[in-house]
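The values are calculated or read from the model by the stated rules, or taken from the named source; none is laboratory data. Only a predicted model underlies this, so the values are computations on that prediction, with no experimental measurement involved. So basically every Cβ, Gly included, is an ideal-geometry build from the backbone, and we count neighbours across all protein chains shown. Ligands, DNA and RNA are excluded from the accessible area calculation, which covers all protein heavy atoms including side chains. Shrake-Rupley method; radii C 1.70, N 1.55, O 1.52, S 1.80 Å.
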Amino acid sequence: MADLVSSRHLRRSLPWLLIVIAALVLPVLLPPFRLNLLGRFLSLGIVALGIDLIWGFTGLLSLGQGIFFALGGYALGMHLQLSALAPGELPEFFGLYGVKALPAFWQPFTSPLFTLLCIWVLPALVAGVLGYLVFRNRIKGVYFSILTQAALLVFFNFFNGQQKLINGTNGLKTDTARLFGELVGSDSMQRNLFWLTVLLVVGAYLLSRWLTRGRFGDALIAIRDDEPRLRFTGYNTTVYKTLVFAVAGAMAGVSGALYTVQSGIVSPQYMAVPFSIEMVIWVAVGGRGTLIGAVLGAVLINYAKSLVSEALPETWLFIQGGLFLLVVTALPDGLVGWWRRGGPGRLASMLGWPPRTATYPQLDLDPAVQAERSELEGGMK
Amino acid sequence: MSHSTAVAPLLQLRGVSVSFDGFWALKDLDLALLPGELRAVIGPNGAGKTTFLDVITGKVRPTRGDVLFRGRSLVGIPEHRIARLGIGRKFQTPRVIENLTVGHNLDLAVKGSHGPLTLLFGRLSAQQRQRVQELLAVVGLERHVAQQAGSLSHGQKQWLEIAMLLAQDPELLLVDEPVAGLSDEETELTGKLLRSLAGDHTVLVIEHDMDFIRELQAPVTVLHEGHVLCEGSMDVVQNDPRVIEVYLGTETEGEFQS
Amino acid sequence: MDLLYDTLFNGLAIGSVLVLAALGLAVVFGLMGVINMAHGELMMLGAYTTFVVQNLFKEGPLEALFPVYILIAIPVAFVVSGLAGLLLEKTVIRRLYGRPLETLLATWGVSLILQQFVRSVSSAFAIGLVVAVVLGLFLPRFTPADLWQRRWSPLLGVGTWVVSALVGIVLASALGGVRALDQPWFSARNIDVTAPQWLRGAVDLGALNMPTARLFIIALTALALGGVLWFLQKSVWGMRIRAVTQNRSMSDCLGIPTETVDALTFLVGSGLAGVAGVAVTLLGSVGPNLGGNYIVDCFMVVVLGGVGKLVGTVVAALGIGVLSYIVGSGSLLLVWPAMPPAINELVTFFATTSMAKVLVFALIVVFLQFRPAGLFPQKGRLVEA
């Protein structure tokens, strides 16, 4: 009995132990370049978690998460532009367009505290307002997807076209800025950012898990599967959807900010239409409706992308397109979903290995089996 | 069955008409339900039975007329608010959340605040948990509490949905075809359950199964082409020449044989 | 007055391209409820087809026909894009009917593949691809039949395709050593289509200067629209398509071959994308990214117009065209030179093509708040997701 308890205890804490070890060891093992890549991909895991919340659990396919991702990135980017300046100076690019005074909306970003709030509150607010308007009208399914994509294009064109306000298509560089007196692009700073990313990914994961377990999570699944039914039960589903869309927006903002400081730039390309659809495919490949799948998908696909792009850049779009097709037609539950639903066992049995059957303890504990058994006994009487 | 004017009706439909692009699904429908009443509504296909429920529950807004619940108009109130006022609905085909367990389905439906903050931070009270246990016992699903609702049989799903409806503890229960696809035994049990609910609750049952309705021993309202054709006990209704014509005289299916 | 005509003409010109581009999508999305994100890439195929046809007629025996090559390119592009669409329907979309979100993702994948395809395709690549497909289709025929009744047969099915793909890749890279075969057909660069002489001029009407190419596109749009309307309203197959749209199971019972109808609808919609591709080549150079520039606009047109309503599509596209031109050209400043500085600043702020898009799209999103079903809502059931 003590064995059982301790082994279960171990099994539960093992993943966390591994994460801690990895977070401590990887910065030593990996060269700075690789570590930076890993940090970037992990930060993308946060936006993927948000997409999993709204798509995997609530059934809302947003093709516009890039909006919130970029807003978070821009908030931090603007602050970093300003933080490097002596009083009275303007960020360099303003000079190119003959702007003499700092635009009003830049002013608050001199404050680190405001920026820190803005990174997640601003995207959450935008998502909340956009979501409320759309959900109130009961726009759903593909119409929701198309509308979010249109909104994305609006934001993209706006940021892309406004040189004088936000440096337009060139974006904002963060490498040469200083954070706490240290160069953002420096190796030690990047190592700290890696740790911060790991911490925030874990935090985002725990938050998502808290949201999806329990009755709130059940309500989200119910909205996905049969929203009208829930409404007739007395639930104001609009509020739920708005709330979860705002949370996903906040996650995207944090993700964008982390990604920005680790890749050294934020630009309207973060709001490009293909990038936001890519985010969806990370979740689909990892396994929608499984939180760990979202993070895994984001890291794996981006890692594959960087490897392929280094070796055979021409083939990446073929591979990515193929992934879209494969995951939709053959792996609808994604890798993690496939694993959990006994995919490996099925594969093994195809190859001739006998599938592992559930034996005594598990079988006995299965409620369905118990129910069936007692029904059978009832019939015997 | 005397409609005494002393008791105010719980639900009243006054001249309700619904038009879908020129097609009148309901025409000038008048109907009143007294508190505690058990009422059956029948009618051939296309008589407007489902639209009738849609109007009460807020899914469809009446083109004309008014729906009063405890004297208060329901027109324009969103579905979830109507549900919270105490009107529960069971759908024609069993609609349970298939990817959740039986227990979780009931946890979602059980009476109490349905706001997101309550669901996030609050826990089910002992009373609510007990209510869920009771209902599981009532519909005989205790042993399936941890089973996915999607893996239940058709009859079990029907009963789970009825249990969800009861968990809401509504004053008015609108039950659409509760015994469709059930075995005789299950049908009988459902009838008993609905009869036992009347009195404390007001129950309106829509059903095709005439034997079942006879068993309910409830007054019957016959709908035809969107308005009330006649009302009365089963025997009265059955011998009404207009009803016979509607069911047998026209080309609709001969459902009205018993 | 001149300004009015000028605005109307330019708005009509922008709008007619949108009509043409969105027409095929309106057919596919409106009638079948299929979200085809590869629609823009089917347009691109049409544009590249035009380029190929043009090259055929540039020199050699067909040179005399060069002035009318564009007229020949139209049906050819229709057929090429239509067949590509048919292939897409038969291989991918057919498996996903009733699952619009999955269709959206799968067709996006197809669009990525098509984009890279026109960038990378060379003779070696094409030979490798053909060999791989032929091998994949025929390898199972030449393996013993009893192999296909084993437990692991599904793996064998996957395996034959993997093997064929590998053979194709190896062959393509081996052939890539030969310089003549390695030359990409189009490469990633943009291509330019030279319009024939008669499409390069302009017609002057008073102060209004109307480029012939624009007039040609407007005429082509009108023709395509008329053709689609005739096809859907008058032809036997059009009637069947409408019947299937309204009640699939009933149509099935009446003996309408619904699968053929689906395939045909998709073929027509894709073919129209090809025709739009021809028109787009007259407006400037085109590249592999052509589709991405149009796809969101097309969806907005269809949604704004009301799904399943061709009138809606036309009105929405022309409306967007005129509005975009008015905002983007800042012509309000000309009409009302004495406007208050605040408004003046605002008008100037949006007076670029991309900022006009920001405003117009934002307006559409706001409009859909009040009329979620678009300008011409379809009566009855909408496509449910």
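Probing with 1.4 Å while keeping every protein chain in the model, the per residue accessible area of chain A equals 45 Å².
By accessible area of protein heavy atoms, probe 1.4 Å, what ranking do A:F93, C:F117 get, highest first?
Values: A:F93 15, C:F117 60 Å².
My answer, sorted largest first, is C:F117, A:F93.
Taking amide hydrogens as placed 1.01 Å from N in the peptide plane, the amide H of B:V41 sits under 5 Å from those of B:V205, B:I206, B:E207, B:T221, each at least 5 positions away in sequence or on another chain.
What are the DSSP H helices in chain A that stretch 24 Å or more along their long axis, judged by alpha-carbon atoms, and whose average Kyte-Doolittle hydropathy comes to at least 0.0? Walk me through the intermediate numbers first.
On the way: long enough: A:2-29 (37 Å, 1.25); A:32-51 (29 Å, 1.37); A:65-83 (28 Å, 0.89); A:112-136 (35 Å, 1.93); A:141-161 (30 Å, 1.32); A:187-212 (37 Å, 0.76); A:237-263 (38 Å, 0.99); A:291-311 (31 Å, 1.40).
Flagged H segments are A:2-29, A:32-51, A:65-83, A:112-136, A:141-161, A:187-212, A:237-263, A:291-311.
For the range A:147-288, the extents of the C-alpha atoms along the principal axes are 55, 35, 27 Å, listed from largest to smallest.
For A:R8 and C:V68, FRET efficiency with R0 = 56 Å and r from the beta-carbon atoms, rounded to 0.05?
Values: r = 79 Å, r/R0 = 1.41.
Between C:V68 and A:R8 the formula returns 0.10.
Take every residue in peptide A:154-166, count the Cβ atoms of other chains within 10 Å of its Cβ, and give the average of those counts. Don't jump to the answer; show the numbers that get you there.
On the way: counts 9, 3, 4, 9, 7, 1, 3, 9, 4, 0, 0, 0, 0.
Average neighbour count from other chains, rounded to a whole number: 4.
Over the range C:3-133, what number does the Rg to Rh ratio reach, with both radii from the alpha-carbon atoms and Rh per Kirkwood?
On the way: Rg = 17.8 Å, Rh = 17.0 Å.
Rg divided by Rh gives 1.05.
Evaluate E = 1/(1 + (r/R0)^6) for A:L96 and A:T176, where r is the Cβ-Cβ distance and R0 equals 22 Å; express this FRET efficiency to the nearest 0.05.
Working: r = 16 Å, r/R0 = 0.75.
Working from the Cβ atoms, E equals 0.85.
Please say if the range C:62-208 is rounded, prolate or oblate, where rounded means a/c under 1.5 for a ≥ b ≥ c the square roots of the C-alpha gyration tensor eigenvalues, and otherwise the choice is prolate for a/b larger than b/c and oblate otherwise? It comes out prolate by the Cα gyration axes. Counting only lysines at least 8 places from B:K157 when in the same chain, those with an alpha carbon closer than 25 Å to its own are B:K49, B:K59, B:K90, B:K111, B:K192. Residues of the range C:284-309 whose accessible area (probe 1.4 Å, heavy atoms of protein chains only) drops by at least 40 Å² once all protein chains are present, relative to their chain alone: C:V296. Summed over both chains, the contact between C and A buries some 4100 Å² of accessible surface at a probe radius of 1.4 Å. Contact residues in the range A:313-328 by the 20 Å² criterion (accessible area, 1.4 Å probe, full protein complex versus chain alone): A:E314, A:L317, A:F318, A:G321, A:F324, A:L325, A:V328. Phi angles across the range B:163-171 convert, under the Karplus curve 6.51 cos²θ - 1.76 cosθ + 1.60 with θ = phi - 60°, into 3J(HN,Hα) values of 4, 4, 4, 5, 4, 5, 6, x, 6 Hz, Gly and Pro given as x.
Tell me the Kirkwood hydrodynamic radius of chain C in angstroms, computed as one over the mean inverse distance between distinct C-alpha pairs. Before the final figure, lay out the partial values.
On the way: mean 1/r = 0.0434 Å⁻¹.
For chain C, the Kirkwood estimate is 23.0 Å.
Given a 1.4 Å probe and every protein chain left where it sits, what share in percent of the accessible area of chain A is carbon and sulfur?
Values: 11670 of 17320 Å².
Its accessible area is 67 percent carbon and sulfur atoms.
Per residue, chain B exposes 44 Å² of solvent-accessible protein surface, assessed with a 1.4 angstrom probe and all protein chains in place. With the simple model of a label 7 Å out from the Cα in the direction of the Cβ, C:F142 to C:A219 spans 5.3 nm.
Built from the Cα atoms of the protein assembly as shown, the convex hull projects on average onto 53.1 nm², one quarter of its surface area. Using alpha carbons only, how many angstrom separate the centre of the range C:199-218 from the centre of the range A:267-290? The range C:199-218 and the range A:267-290 have Cα centres spaced 44 Å from each other.
For chain A, the Cβ-based charge dipole about the Cα centre amounts to some 480 debye (Lys, Arg positive; Asp, Glu negative; other atoms uncharged). Rounded to the nearest 20 debye, the dipole magnitude of chain C is 940 debye, with +1 charges on Lys and Arg beta carbons, -1 on Asp and Glu beta carbons, and the Cα centre as origin. Look at the stretch A:212-218: the mean tally of other chain Cβ atoms within 10 Å of its residues' Cβ atoms is 6.
What do the square roots of 5 times the Cα gyration tensor eigenvalues come to for the range A:84-152, in whole Å, largest first, as semi-axes of the equivalent ellipsoid? Numbers along the way, then the final one.
Working: eigenvalues 257, 50, 15 Å².
Values for the range A:84-152, descending: 36, 16, 9 Å.
For q values of 0.17, 0.20 Å⁻¹, compute log₁₀ I(q)/I(0) with the Debye formula on a Cα-only model of the range A:197-351, without solvent. Relative scattering, expressed as log10 I(q)/I(0), comes to -1.21, -1.43.
For chain C, the longest principal axis of the Cα atoms and the long axis of helix C:236-246 meet at an angle of about 90 degrees.
How many Cβ atoms of partner chains, on average, are near each residue of B:138-150 if near means within 10 Å of its Cβ?
Working: counts 0, 0, 0, 1, 1, 9, 6, 2, 6, 6, 2, 1, 1.
Mean partner shielding for this stretch: 3.
Helical content alone sets the calculated 222 nm signal of chain B at -9500 deg cm²/dmol, taking -39,500 (n - 2.57) per DSSP H segment of four or more residues and averaging over every residue. Compute log10 of I(q)/I(0) for the range A:2-341 with the Debye formula, placing one identical point scatterer on every Cα and leaving out solvent, at q = 0.07, 0.14 Å⁻¹, to two decimals. Debye intensities relative to I(0), on a log10 scale: -0.30, -1.17. When C:K58, C:K234 are compared by accessible area at a 1.4 angstrom probe, the order from most to least is C:K234, C:K58. Close Lys pairs in chain A, defined as Cα atoms under 23 Å apart and 8 or more places apart or on different chains, number 4. Beta bridges from DSSP with both residues in the protein assembly as shown: antiparallel share about 65 percent, rounded to the nearest 5. Rolling a 1.4 Å probe over the protein chains gives C:Y325 an accessible area of about 50 Å². Between the helical axis of C:353-370 and the longest alpha-carbon principal axis of chain C there is an angle of about 90 degrees.
Between Rg and the Kirkwood Rh of the range B:97-151, both from Cα atoms, what is the Rg to Rh ratio?
Numbers: Rg = 11.5 Å, Rh = 11.7 Å.
My calculation puts Rg/Rh at 0.98.
Could you report the buried accessible area between B and A, both sides summed, computed with a 1.4 Å probe and given in Å² to the nearest 100? Present the calculation step by step, with values, prior to reporting the outcome.
Details: alone 12830 and 20990 Å², together 30800 Å².
Using a 1.4 Å probe on protein heavy atoms, the buried area is about 3000 Å².
Of the peptides B:185-197, C:251-263, the ranking by mean beta-carbon count within 10 Å, highest at the top, reads B:185-197, C:251-263.
Each part reduced to its alpha carbon centroid, the range A:8-50 and the range C:100-172 end up 36 Å apart.
Using alpha carbons only, how many degrees (0 to 90, rounded to 10) separate the axis of helix C:123-138 from the longest principal axis of chain C? Roughly 50 degrees, rounded to the nearest 10.
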